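Structure first, commentary second.
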Amino acid sequence: MAIKALFDRIRNIRVSTEMRTVPDAEMGARTPKKIRVLFVCMGNVCRSPTARGVFESLVQDAGLEHVIEVDSAGTYAGQVGKPPDQRAVEAAARRGYDLSRLRARRIDPVDFEQFDYVLAMDNDNLRDMQEVLPPGHEDKARLFMDFAPASAHREVPDPYYGGGGGFERVLDLVEEAARGLLTHIRAQHQL
């Protein structure tokens, strides 16, 4: 009889997307539901892992790692399983970000169901994302630089075929947009 009551109790738990919380079945308290952010570039070896590393650092510094989850992906499958470009790793390390544990993966249509924000580094990647976007999730796909409205740049340029200075420029843009994104999420989700 106790097992049936437990199953009935579990079955009655409802996720509240409006409040972004789920009831705690035992305590009656409300615990935050994760806000999930996915950064996307072409190969997932330069810009999107850089954005992930920078944003994870900001989230951790704000004490929000229990509420905000971060990942990155690429629109191109040719780099899957590879670590970030060494130039990106070195540029990030000079600013205190660790990208060494990251590995490239390709974006999947299910990502649009699992993530709240799916942020492209440039318009080409945004178009590629929109090709696999399931209906009903159009509002999740946007440019990362939308969160840096004061910037003159709308895209994070691909540094892959250039010199080391391109990776520094990527970091400048990513840091600016990451701060804006965190401010947006805190306001939007009352964190």
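Between 96, 81, 63, 53, the distinction of being of a type outside the set (Val, Ile, Thr), assigned to a helix (DSSP H, G or I) and either under 22 Å from residue 123 (Cα atoms) or free of Cβ contacts under 8 Å to residues at least 60 places away in the same chain (or both) belongs to 53 only.
Each residue in the stretch 108-128 was checked for being over 27 Å from residue 164 (Cβ atoms), of a type outside the set (Ser, Thr, Tyr) and either part of a loop (DSSP other than H, G, I, E, B) or touching a helix residue (DSSP H, G or I) at 6+ places or on another chain (Cβ under 8 Å) (or both), and 7 pass. Restricting attention to the stretch 150-191, the residues that are in contact (Cβ under 8 Å) with a residue 60 or more places away in the chain, of a type in the set (D, E, K, R) and more than 16 Å from residue 48 (Cβ to Cβ) total 3.
Counting the residues of the stretch 155-171 that are surrounded by 13 or more Cβ atoms within 10 Å (Cβ to Cβ) and either touching a Leu at 6+ places or on another chain (Cβ under 9 Å) or assigned to a helix (DSSP H, G or I) (or both) gives 9.
Looking only at residues of the stretch 180-191 that are touching a helix residue (DSSP H, G or I) at 6+ places or on another chain (Cβ under 7 Å) and modelled with pLDDT of 95 or more, we find that the one that is surrounded by the fewest Cβ atoms within 10 Å (Cβ to Cβ) is 184.
Checking each residue in the stretch 66-78 for being assigned to a loop (DSSP other than H, G, I, E, B) and either more than 19 Å from residue 114 (Cβ to Cβ) or not hydroxyl-bearing (Ser, Thr, Tyr) (or both) picks out 66, 67, 76. The single residue among 131, 113 that is of a type in the set (D, E, K, R), more than 16 Å from residue 36 (Cβ to Cβ) and surrounded by fewer than 18 Cβ atoms within 10 Å (Cβ to Cβ) turns out to be 131.
The values are calculated or read from the model by the stated rules, or taken from the named source; none is laboratory data. Note that the structure is predicted; figures quoted are calculated from it, not measured. Because the Cβ atoms are built from the backbone with ideal geometry, glycine has one as well, and the counts that use them run over all protein chains shown.
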